1. Of everything in segment 1-47 that's of a type in the set (S, T, Y) and in contact (Cβ under 8 Å) with a residue 60 or more places away in the chain, which residue is nearest to the ligand (Cβ to nearest atom)?
2. For segment 72-130, how many residues are within 19 Å of A36 (Cβ to Cβ) and of a type in the set (S, T, N, Q)?
3. Do you know which of the residues in segment 1-24 that are part of a helix (DSSP H, G or I) and not β-branched (V, I, T) is surrounded by the fewest Cβ atoms within 10 Å (Cβ to Cβ)?
4. Does G53 count as surrounded by fewer than 19 Cβ atoms within 10 Å (Cβ to Cβ), more than 15 Å from the chain's Cα centre (by Cα), more than 15 Å from the ligand (Cβ to nearest atom) and under 18 Å from N9 (Cα atoms)?
5. Scan segment 100-144 residue by residue and report those that are farther than 19 Å from Y79 by Cβ, buried (at least 19 other Cβ atoms within 10 Å of the Cβ) and in contact with a strand residue (DSSP E or B) (Cβ under 9 Å, 6 or more places away or on another chain).
6. Kindly indicate whether E64 is more than 21 Å from H51 (Cβ to Cβ) and of a type in the set (D, E, K, R).
7. In segment 67-80, how many are more than 16 Å from the ligand (Cβ to nearest atom) and surrounded by fewer than 19 Cβ atoms within 10 Å (Cβ to Cβ)?
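Each reported figure results from applying straightforward, stated rules to the coordinates on display, with no laboratory input. Bear in mind the structure is a predicted one, so any value in this text is a computation, not a measurement. Cβ atoms come from the backbone with ideal geometry, glycine included; neighbour counts cover every protein chain shown.
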Amino acid sequence: MIYVINGPNLNILGVREPNIYGDITLKDIEENLTAAARELGQIIYFFQSNHEGEIIDAIHKARENADAIIINPGAFTHYSYAIRDALMSVTMPTIEVHLSNIHAREEFRNNSVISPVCKGVICGLGASGYVLALMSLNSIIKNG
Ligand code: DQA
């Protein structure tokens, strides 16, 4: 099972700054991922929260039954040492995904405190970043 964890404000994708994030909704992203996962024989568990503690709880839960994690921590990316610590406590591969290219935006977005504890990072490719992360994790789970 692959956990897909989305952080704050990602529940309002589609209406939120469409010039940056496009008009795709989180539901669209989840539907795309479900279809891609079905073809790969993977099961996806989706979780979104606007609250740091709930995201940490979801990561702890992943320790019990997940093979991998895809996480877009939203703005927590840039300052949540607590989410970073939670990810450090899990041994499964994790890929950090951002819809936008955080390196091409405001300076405060250029740094991620999450990236150093992830297997890989995908940013700037929009919703397809999640599917690419899924394909990569599927291969890691099956082939190491
Ligand atoms: C984001 C980038 C973050 O800087 C921002 O706070 C978000 C979305 C992205 O997917 O591009 O909420 O994680």
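1. My answer is Y21.
2. Of the residues in segment 72-130, 3 are within 19 Å of A36 (Cβ to Cβ) and of a type in the set (S, T, N, Q).
3. Selected residue: N19.
4. Considered against the rule, which asks whether it is surrounded by fewer than 19 Cβ atoms within 10 Å (Cβ to Cβ), more than 15 Å from the chain's Cα centre (by Cα), more than 15 Å from the ligand (Cβ to nearest atom) and under 18 Å from N9 (Cα atoms), G53 comes out as yes.
5. I122, G129, Y130, A133, L134, L137, N138
6. No; evaluated as a whole, the condition is false for this residue.
7. 1
To keep it simple, each residue is scored yes or no on (1) over 21 Å from I43 (Cα atoms); (2) among the aliphatic types (A, V, I, L, M); (3) assigned to a strand (DSSP E or B).
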site	(1), (2), (3)
A58	no, yes, no
I71	no, yes, yes
I83	yes, yes, no
V90	no, yes, no
F108	yes, no, no
V113	yes, yes, no
V131	no, yes, no
I140	no, yes, no
